[in-house]
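The values are calculated or read from the model by the stated rules, or taken from the named source; none is laboratory data. The shown structure was predicted, so the numbers you read here are calculated from the model rather than taken from an experiment. Cβ placement follows ideal geometry from the backbone for every residue including glycine, while neighbour counts extend to all protein chains displayed.
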Amino acid sequence: MLRYIVLSMGEPAGTSPEMILKATKALSDTFDGGIIVTGDEGVFSHTASDLSIDPCFGYLAEDEEDLRRAEEDGIRFIFFRSSAIDLSSFEYGKVSAETGEASFRALEHAVSIIQNGLADSLVTSPVSARALEAAGHDERSVFSLLSRFASSSRLMNMIVAGKINMFGLTHRRALSEAISAITRENVIEALVSIDALRISRFFDHDMPIGVCSLNPVDRDGEWTGPEEEDFIIPAIEVARRIGVDVEGPFSHEVLFRRAAKGEFSSVLVMTAGVGYAASAAAAPDESYMLTWGLPFLRLGIIGDAGLEDAGKDRVTIKPMVTAVIEALRLSDRSYMV
């Protein structure tokens, strides 16, 4: 039987419907697995018509029993209807309570499909925090929604960019808030958590964890701020004493030059923005987010909802194609443990 990957729609007023339509079309002749897309049928049909895209879906599933029958028949590309947006009020680039609820339902159904054994892994598209808020949901990101749907409270996101596996000590915080979160205890906790994941075959066990500095160095090789001496270096010393194979802190340029060569099993950066910038440089359009701590495999497209580009036929499909291919490869459970 085919191994199926679920693609959740993300924010329907953004670029994800276009990206999914084009990516599945590109994969239709070469992909060895099956693909299930959860989302709003009207939005996808509307986008396909406006941009002259011929969808490759072979079946429209109304519920999970319907989906099961389609899988038993070996249908490779299936659309799962998860919502119904009023297209008379729909606009590209304009989020609303209705689009927020649609993205919520698409992800909720995607998780349910996996939990009920109808797919092996999940690829997510970005959602809109404003739309989710308008829809009355407390969660503002795919990460927090996954925590809710899968009842997992200790998740860790990792950016994969070529040979670089990046964890962030902080995520989407104002810089002043991120700096205040750089404490000895938080760095130790992060290093211990990353080290616990390194039992997975995903990582090169022979390579250490590399830690990135917060501050640059001056011309004499001294740190230009206090965080390294006060918090980061003491945390690394404690982690080493309890058996964590870790090196650093290294300045940004040194760490990423070495990481790109495969000299670290993973790296810890102090702010997620550094990780996003490094991934964009190391693997343009081919980086993805991998979430640890879920009872299933999840890869995420890195970026925003793409509201400015929606409906304009200028989205790149490389991130989606990469994520889908990697999801199938990594869906072999033995590879992730």
Helices (runs of 4 or more DSSP H) wholly inside the stretch 164-241 that include at least 1 residues being touching a residue at least 12 places away in the same chain (Cβ under 8 Å) and within 19 Å of residue 266 (Cβ to Cβ): 184-197, 233-241
- line: Of (1) loosely packed, with under 14 Cβ neighbours inside 10 Å; (2) out of contact with any strand residue (DSSP E or B) (no Cβ under 9 Å at 6 or more places or on another chain), residue 238 satisfies every one except (1)
- request: Report those strands (runs of 3 or more DSSP E) wholly inside the stretch 15-134 carrying at least 1 residues which are in contact (Cβ under 8 Å) with a residue 40 or more places away in the chain, within 25 Å of residue 289 (Cβ to Cβ) and among the polar types (S, T, N, Q).
  value: 34-40, 77-83, 121-124
field: Residue check for residue 175: assigned by TED's automatic domain parsing to the domain that holds residue 270 and either surrounded by fewer than 21 Cβ atoms within 10 Å (Cβ to Cβ) or among the acidic types (Asp, Glu) (or both)
entry: yes
